[in-house]
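Notes to accompany the following structure.
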Amino acid sequence: MQHTVQKSVSLSGVGLHSGAETILTIKPADVSSGLRFVRVDVSDKNNVIPAKWDHVVDTRLCTVVANKDGVSVGTIEHLMAALAACGVDNAVIELDGPEVPIMDGSSEPFIEAILDGGLKTQTAPRRAIKILKAVEVRDGDKVAVLKPGIGSRYKIEIDFPHKEIGRQSAEIDMFGGDFIGQISDARTFGFLHEVNALRAMGLALGGSLENAIVLDTDSIMNPEGLRAPNEFARHKVLDAVGDLYIAGGPIVGHFEAVKPGHNMNNLVLRALFDQPDAWTYVDLYMDHTPEQVSAGYVAPVVPMRAVASAS
Ligand SMILES: [Zn+2]
């Protein structure tokens, strides 16, 4: 069934790019209303921005959504991944600035806040997007594919010419509850020379070793090191889960990508929705027959911890 949050939960922190301190509040929302941002600091224009794939206006450094009035919210991807992991279908997300706080650079602080507040079960089944036909986008050596398959799998391979990263991969099934614990705490990362160039352009102003892994020419600058040997690939899975959740629901099928980024993640959704015969909506219930499971309707889509706190 669909879920919203049981009660409002708030977090605050700096934006990675703006450096501005913002307060984010996740509030309960009506059944089948989806995920929407409300910019509470904007009163002279429409301040509601749907968190949907067709509202994405920029993917160069992070995923930015905007409405027709040009009111935008940036760096939504780690929050969207947290909402996907917790199975939140409907929420109003209030924000008093242009960028979601970066927190520790992962999804963990958002997940903790959502699960602390608890989830509320709603009266309609979850609506998922089932992939019927493979859709692929390419850009040089970057590839992103959505294809039919059981579960909601994400598999990513990256290859950076840096000795601390190199070639690495990560793979999960969202319907297997793999996200929390395996992917949720993987932090965003950047290279020192890029961070310096971004700062010179007035970007990455909130970035620090507190909210990102930073690499210099040949080492990791964070004194605490990595949270997992393949934390970089894990974070790319986290980004993809967040970027694809704004399809409007969970994906039933397999996402596979080589060297993806926010742009490829959004382009593959646009390619999918351009082809009406490549996908269909399906309802997800918590209690599936074996026939439904083999047809791609997969069992628990909300982590057990969250289900327990919802009652
Ligand atoms: Zn990220």
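Rule-based calculations on the coordinates, nothing more; no lab input. From a predicted model like this one, the values you see are computed outputs, not experimental measurements. Every residue, glycine as well, gets a Cβ built from its backbone with ideal geometry; the counts of neighbours run over all protein chains shown.
Think of region 126-310 as having a plus end and a minus end, set by charges on the Cβ of Lys, Arg, Asp and Glu; of GLY248, ILE183, ILE150, GLY248 sits farthest toward the positive end of this dipole. Take the Cα pairs of region 126-310, get the Kirkwood Rh, then feed it into Stokes-Einstein at 10 °C and 1.306 mPa s and tell me D in µm²/s. It comes out at roughly 89 µm²/s. Placing a label point 7 Å from the Cα of ASP30 along the Cα-to-Cβ direction, the residues of region 84-112 with a backbone N closer than 19 Å are 89-94. The lysines whose alpha-carbon is closer than 17 Å to the alpha-carbon of LYS133, local same-chain residues fewer than 8 away aside, are LYS147. The DSSP beta bridges internal to region 126-310 are antiparallel in roughly 70% of cases. Each of CYS86, CYS62 has some number of other Cβ atoms within 10 Å of its Cβ, and from fewest to most they run CYS62, CYS86. Comparing ASP185, ASP89, ASP30 in a Gaussian network model of the chain (Cα springs below 10 Å), the most mobile by mean-square fluctuation is ASP30. Computed about the Cα centre, the dipole magnitude for region 1-78 is approximately 140 debye when only Lys and Arg (+1) and Asp and Glu (-1) carry charge, each at its Cβ. Around SER219, with a cut-off of 10 angstrom between Cβ atoms, what is the net charge of the other residues, counting Lys and Arg +1 and Asp and Glu -1? The answer is -2.
Equivalent ellipsoid semi-axes for region 3-121, as square roots of 5 times the alpha carbon gyration tensor eigenvalues: give them largest first, rounded to whole Å.
Equivalent ellipsoid of region 3-121: 20, 16, 13 Å, largest first.
Remark: relative contact order (region 3-121) = 38 percent; criterion is Cα-Cα distance under 8 angstrom and separation of 6 or more residues.
Projected label points at THR123 and ALA197, each 7 Å from Cα along the beta carbon direction, are separated by 5.5 nanometres. When each of THR75, THR280 is scored by the number of other beta-carbon atoms lying within 10 Å, the sequence from fewest to most is THR280, THR75. Taking every DSSP beta bridge that has both ends in the chain, the antiparallel portion is near 75%.
I'd like the Kirkwood hydrodynamic radius of region 80-188, using the inverse of the mean 1/r over distinct C-alpha pairs, in Å.
Working: mean 1/r = 0.0599 Å⁻¹.
Across region 80-188, the inverse of the average 1/r is 16.7 Å.
Cross-link partners for LYS45 among the lysines, with Cα-Cα distance under 24 Å and sequence neighbours closer than 8 places in the same chain left out: LYS27, LYS68.
The phi-based Karplus calculation (6.51 cos²θ - 1.76 cosθ + 1.60; θ = phi - 60°) puts the 3J(HN,Hα) values of region 166-180 at x, 8, 8, 9, 8, 8, 8, 10, 4, 6, x, x, 6, 5, 6 Hz, whole numbers, x for Gly and Pro. Magnitude of the charge dipole for the chain, about its Cα centre and with charges confined to Cβ atoms of Lys, Arg (+1) and Asp, Glu (-1), is about 580 debye. Counting neighbouring Cβ atoms within 10 Å and putting the fewest first, the residues THR188, THR22, THR217, THR63 line up as THR217, THR22, THR188, THR63. Using R₀ = 25 Å, calculate the FRET efficiency as 1/(1 + (r/R₀)^6) where r is the Cβ-Cβ separation of GLN6 and VAL40; round to 0.05. For GLN6 and VAL40, the calculated efficiency is 0.75.
At the listed q of 0.13 Å⁻¹, the Debye profile of the chain, built from one uniform point per Cα, gives log10 I(q)/I(0) equal to -0.91.
Can you compute the label reach from ARG138? Point 7 Å from Cα along the Cβ direction, backbone N cut-off under 15 Å, restricted to region 257-273. Answer for region 257-273: 257-259. Scanning residues 5 or more positions from SER8 or on other chains, none has an amide H under 5 Å from its amide H, with H placed 1.01 Å from N in the peptide plane.
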